[in-house]
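Step one of this worksheet: look at the structure below.
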Amino acid sequence: MTELTSMNRRDLQAKATHLDERYHAFKAQRLALDMTRGKPCAEQLDLSLGLLDCLRHNDYRAADGSDCRNYGGLEGLPEARQLFADFLEVDPSEVIVGGNSSLTMMHDTISQALLRGMPGGSGPWRTLPAVKFVCPSPGYDRHFAICQHLGIDMITVDMTAEGPDMEQVERLVAGDESLKGIWCVPKYSNPTGITFSEAVVERLARMRTAAPDFRILWDNAYTVHHLTDTPDRLANLLAAAKAAGNPDRVLLFGSTSKISFAGAGLAAMAGSVANIRHIKAGLAIQTIGPDKLNQLRHVRFFRDMAGIETHMQKHAAILRPKFATVEDVLTRELGGTGVATWSRPRGGYFISLDTLDGCAKAVVAMAADAGVHLTHAGATFPYGRDPRDRNIRLAPSMPSPNDIRQAMELVSVCIQRVSVAKLLTN
Ligand code: PLP
C-alpha cells in the first residue's frame, strides 16, 4: 500500500474519487451496525446460563450458616469475599462484595469522599476550594463522567505503552494538594489494551503526594480477560503500597460483568482495613445488605479462580476471531497508508485507533451517516475533548465477525476519505 501522506496531488485526487465510489456503495447497503460499547454478545452470556439453576431449593445457606435470603452480610458472604480476594490478590478481610456494578462502587466511593472525606485526610472533600483527579488518557469515558457529574476537575496526562506517563503524574501530585485521585485501568486497559509495567505500579505506590488522602482508583475490570494463552502479569499495587508505607492510598475494584452476566453479575472492592472500615460505615447507612443469593450462585457456579480462568477461556474463544477480524481488515485496508495506527490488545474489550490529527470526529460522523455507529470521538478523554481529535475506540465484542468485517471496511474507507481530504487541503 502506498503511503497516502507521500502521494502527489493528482494521485490523491484519483484516490479520493475511488474512495467516494466505495463509500457510496457502502451507503447504498443501508447498514445498521453498532460498535459503540463493550458489551458481551449473547453467545458469551449463554456461557453463564448455569447460574440460573445452580442453586437448589434447599441451598441458601452460606459457609458461616447465614441465610442468604435474609438481610445482613454487609461486606458479602465469606466465600464470595474469598473468591474476590483471590481475584484481586488481597486478603478476604480487605474485600467488600456488593451488587452487580463496580462502577456504582466507584461512584459511591467518590461521593462519600466528597461528603465525609477519606481516612488520612482533613475532612470532606466538598469543603475544599477545588478537588481534582489525574486522568490518564485515552481512558474510560464513564470514569470521566463520574468526575464531571460530581464537579471534580480533570487533569489529563498521557497514556504510554507502560501505563500513565509517570513523570507527569509524579510532578502533578507532588505539587498540588487539591489533586485527590487518579483513575487507572491497569490491565488490558480501556481502551488502549496495555498492562501497567511493574515499574509504573511501583512508582504509583511510592510517589509523593501533596494530599495525604490521595487515592488510586484501581479499576481492574479486565484482569482475567485474556485473548492469548500467555496472560499479561500485573504487579500487586496494594502490596507495593503497603511496602512503601502508603497502605491507604489504594482502592481496588473489579466485577464479573464480563465474566458472568453484565447486568446481573457481582462487583467487589478492596483496600486496606482502614479504608474498608470507612467504606463499610457509609454502606451501612445505604443498605441492610447485598443480594447474597447472587453471591452464592456465583460461588457455586465458578467455585474458585481456576473455575473463572477456565470459563474465561471460553469467552476468549468467542472474542478472538472478532478481534482478529478487526486486525485483518485494518491491516488490509490501512496498512502502510500512514494515516492510522491501532492497538493489538492481548486482552480486554477494546481496540484503540488513532487517525491523523483532526480527523477522528469527521470519521465517526461519516461512518454513522452510512449506518456504522462508533463510540463518539473524544469520549476517551476528559470532558469528551480529544486535544488532537484522533482517537477512536473500537468495541468488537457485540457484533458478529461478518458484521465487524463490513463495519471495519467502511470505517477504513472513511478514515482514508477524511485523510485524503485533509491532505488535499494542506
Ligand atoms: N470499568 C471499566 C474499565 C469498564 O470498561 C467497564 C465496562 O465497560 C466497567 C468498569 C463497568 O463495570 P461494572 O459493570 O462492574 O459496573
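Look at the alpha carbon pairs under 8 Å that are at least 6 residues apart: their mean separation over the length of the chain gives a relative contact order of 26 percent. The simple spin-label model puts a point 7 Å past each Cα toward its Cβ; for THR127 and THR5 those points are separated by 5.3 nm. With the simple model of a label 7 Å out from the Cα in the direction of the Cβ, ARG208 to ARG30 spans 6.6 nm. From the Cα gyration tensor of region 209-316, with a ≥ b ≥ c the square roots of its eigenvalues, which class applies: rounded if a/c is under 1.5, or else prolate if a/b is larger than b/c, or else oblate? Here region 209-316 falls in the oblate category.
Legend: calculated FRET efficiency, ALA421 to ALA42, from the Cβ-Cβ distance at R0 = 35 Å, rounded to 0.05, equals 0.35.
Summary of packing: across the peptides 306-312, 201-207, 115-121, the per-residue average of other C-beta atoms within 10 Å ranks them, highest first, as 201-207, 115-121, 306-312. Each residue of region 179-189 was assigned a 3J(HN,Hα) from its phi angle through the Karplus expression (A = 6.51, B = -1.76, C = 1.60, θ = phi - 60°), giving 7, 10, x, 9, 8, 9, 10, x, 10, 6, 3 Hz with x at Gly and Pro.
Modelled this way, with points 7 Å down the Cα-to-C-beta line, the labels at ALA365 and TYR71 are 5.5 nm from one another.
Does the chain classify as rounded, prolate or oblate by the C-alpha gyration tensor (a ≥ b ≥ c root eigenvalues; a/c under 1.5 gives rounded; else a/b over b/c gives prolate, otherwise oblate)? Taking the square roots of the gyration eigenvalues as a ≥ b ≥ c, the chain is oblate.
Using a ≥ b ≥ c from the Cα gyration tensor of region 3-151 (square roots of the eigenvalues), is it rounded, prolate or oblate, where a/c under 1.5 gives rounded and otherwise the larger of a/b and b/c decides, a/b for prolate? The shape class here is oblate.
Put simply, the amide H of GLY98, placed in the peptide plane, has neighbours under 5 Å in ALA267, ALA268, MET269, leaving out anything fewer than 5 places away on its chain. Take region 177-223 with all the other protein chains still there, run a 1.4 Å probe, and you get 26 Å² of accessible area per residue. Computed from the C-beta positions of THR310 and ASP59, the FRET efficiency with R₀ = 22 Å rounds to 0.50. Could you grab the relative contact order for region 61-303? Cα pairs under 8 Å, six or more apart, rounded to a whole percent. It rounds to 28 percent for region 61-303.
Taking every DSSP helix (H) stretch of at least 4 residues in the chain, weighting each as -39,500 (n - 2.57) and dividing the sum by the residue count yields a mean residue ellipticity at 222 nm of -13500 deg cm²/dmol. When the charge dipole of the chain is built from unit charges on Cβ atoms (+1 for Lys and Arg, -1 for Asp and Glu) and taken about the Cα centre, the candidate among HIS24, PRO138, ALA316 whose Cα reaches farthest toward its positive end is HIS24.
Only lysine pairs 8 or more places apart, or on different chains, with alpha-carbon atoms under 19 angstrom apart are counted in the chain, and they number 15. Each part reduced to its alpha carbon centroid, region 350-426 and region 135-170 end up 21 Å apart.
Scalar couplings 3J(HN,Hα) for region 246-263, obtained by applying the Karplus form with A = 6.51, B = -1.76, C = 1.60 to θ = phi - 60°, are 10, x, 8, 6, 10, 10, 9, 9, x, 7, 9, 3, 10, 10, 9, 10, 4, x Hz; x denotes Gly and Pro.
Amide H contacts of LEU227 (H built 1.01 Å from N, in plane; Pro and chain starts excluded): GLY347, GLY348 sit under 5 Å, all sequence-distant by 5 or more or on other chains. Reducing region 20-93 and region 314-344 to their Cα centroids gives an inter-centroid distance of 26 Å. Ordering VAL363, GLY271, GLY335 by the projection of their Cα atoms onto the charge dipole of region 236-373, which places +1 on the Cβ of Lys and Arg and -1 on the Cβ of Asp and Glu, puts GLY271 at the extreme positive end. Measuring only protein heavy atoms, the 1.4 Å probe finds ASP64 accessible over about 100 Å².
When both region 236-277 and region 279-299 are represented by their alpha-carbon centers, they are found 15 Å apart.
Put simply, the amide H of VAL250, placed in the peptide plane, has neighbours under 5 Å in ILE216, SER272, leaving out anything fewer than 5 places away on its chain.
If you roll a 1.4 Å probe over the chain with all protein chains in place, what percent of the accessible area is carbon or sulfur? Carbon and sulfur: 51 percent of the exposed surface of the chain. Each Lys and Arg adds +1 at its Cβ and each Asp and Glu adds -1 at its Cβ; summed about the Cα centre, region 61-303 shows a dipole of about 640 debye. Where both bridge residues fall in the chain, DSSP classifies roughly 50% of the beta bridges as antiparallel. Other residues within the sphere of radius under 15 Å centred on the Cβ of TYR383, judged by their own Cβ, net out at +1 (K and R +1, D and E -1). For region 36-53, putting each phi into the Karplus relation 6.51 cos²θ - 1.76 cosθ + 1.60 with θ = phi - 60° gives couplings of 7, 10, x, 9, x, 7, 4, 4, 5, 5, 4, 4, 10, 4, x, 4, 6, 9 Hz, in residue order, rounded to whole numbers and with x for Gly and Pro.
The values are calculated or read from the model by the stated rules, or taken from the named source; none is laboratory data. Because the structure is a prediction, the values reported are computed rather than measured. All Cβ positions, even for glycine, are placed from backbone atoms using ideal geometry, and neighbour counts span all protein chains on display. The area values use the complete protein model at the heavy-atom level, side chains included, leaving out ligands, DNA and RNA. Shrake-Rupley method; radii C 1.70, N 1.55, O 1.52, S 1.80 Å.
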